[in-house]
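Asker: I have a structure here, written as structure tokens, and I will follow up with some questions on it.
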Amino acid sequence: MSESVKRPSAAHTAYTVTKELILSGELPGGSLISEGEIAERVRVSRTPVREAFLRLASEELLTLHPKRGAVVVPVPPGEAADVLDLRLALERSAAERIARTGLPDEYHERMRELLRRQRALAETADVDRFAEADESFHRCIVEASGNRLADRFYATLGDRQRRMSISALRPRPERLSLLADEHEALLGHLRDGDDAAFASALLSHLTATHGSPWPSRASDEASATQHSVRPQPYPTNDA
């Protein structure tokens, strides 16, 4: 006799569907949604939808407005740079540890499988599923380092990472195959134990997709240089 499969609760289903609409960009930042809309889509009552909205609000994806519904929280200014900062730090640190201990065969095979999936998704320009495979590939890097604290922290960036990737790649689906090539190069550097080459390639990889991690900082530095006052020569008493 086969074991019965436990079905997800109505609240979990409403949560999963609504979260997917937000992360995929189908509900962009600033969108107003009601409990009734989601209840109708998922075919449940409003009570589990209310639970789902509360959970999404705790994850800072929704802002609740009593008797009006909820508003999708836009990506805050500066958050993208913060996420990229953390990703660079965690993935570079992981590469340094892998360079010392070696890349486990298990993770090498998992990452190769993810690369095969990415290339197939690139052929069909499936941005949403590619973004999932992209997040899994980069998380594998941190997980392969054996630093469990870093892995758990990196996992908390997953939703933001995926939302950023979909936003960046949907207007440029032709970049998917290039991303797969860049992932192939990153994996090669890990396999070779070349953490310096990995760090350089990672920065180029993220910048090509998301832009400079610090655009405002670079702009401020350029502006400061442009408008800096040149020091005047010290006056002398020569007649």
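Coordinate-derived values only; no laboratory data. What you are looking at is a predicted structure, and each value in this text was computed from that prediction instead of being measured. Cβ atoms come from the backbone with ideal geometry, glycine included; neighbour counts cover every protein chain shown.
Asker: So, how do all the Cα-to-Cα distances of the stretch 79-213 break down into 10 Å bins, in percent, from 0 on up?
Answerer: 13, 48, 35, 4
Asker: While we're on this one: Over the Cα atoms of the chain, how large are the radius of gyration and the largest Cα-Cα distance (Dmax), in Å?
Answerer: 22.9, 108
Asker: If you don't mind, there's one more thing I want to ask. Say each of residue 40 and residue 68 gets a label point 7 Å from the Cα, pointing the same way as Cα to Cβ; how far apart are those two points in nm?
Answerer: 2.1
Asker: Also, I was wondering about something else. Quick one: check the C-alpha center-to-center distance for the stretch 125-140 versus the stretch 54-74, whole angstrom.
Answerer: Cα centroid of the stretch 125-140 versus Cα centroid of the stretch 54-74: 26 Å apart.
Asker: Do you know the relative contact order of the stretch 10-72, to the nearest whole percent, from alpha carbon pairs under 8 angstrom that are 6+ apart?
Answerer: Working: 76 pairs, mean separation 26.7, N = 63.
Normalised by residue count, the contact order of the stretch 10-72 is 42 percent.
Asker: When only C-alpha pairs under 8 Å and at least 6 residues apart count, what is the relative contact order of the chain, in percent? Please list the in-between numbers first.
Answerer: Working: 234 pairs, mean separation 47.2, N = 239.
With pairs under 8 Å counted, the relative contact order is 20 percent.
Asker: Could you compute the FRET efficiency for residue 31 and residue 172, with r as their C-beta to C-beta distance and R0 at 22 Å, rounded to 0.05? Each step should come with its number before you reach the end.
Answerer: Details: r = 23 Å, r/R0 = 1.04.
That pair, residue 31 with residue 172, gives E of 0.45.
Asker: Moving to a separate point now. Express in % the proportion of alpha carbon pairs of the stretch 10-72 at distances exceeding 16 Å.
Answerer: Working: 625 of 1953 pairs.
Cα-Cα pairs of the stretch 10-72 separated by over 16 Å account for 32 percent.
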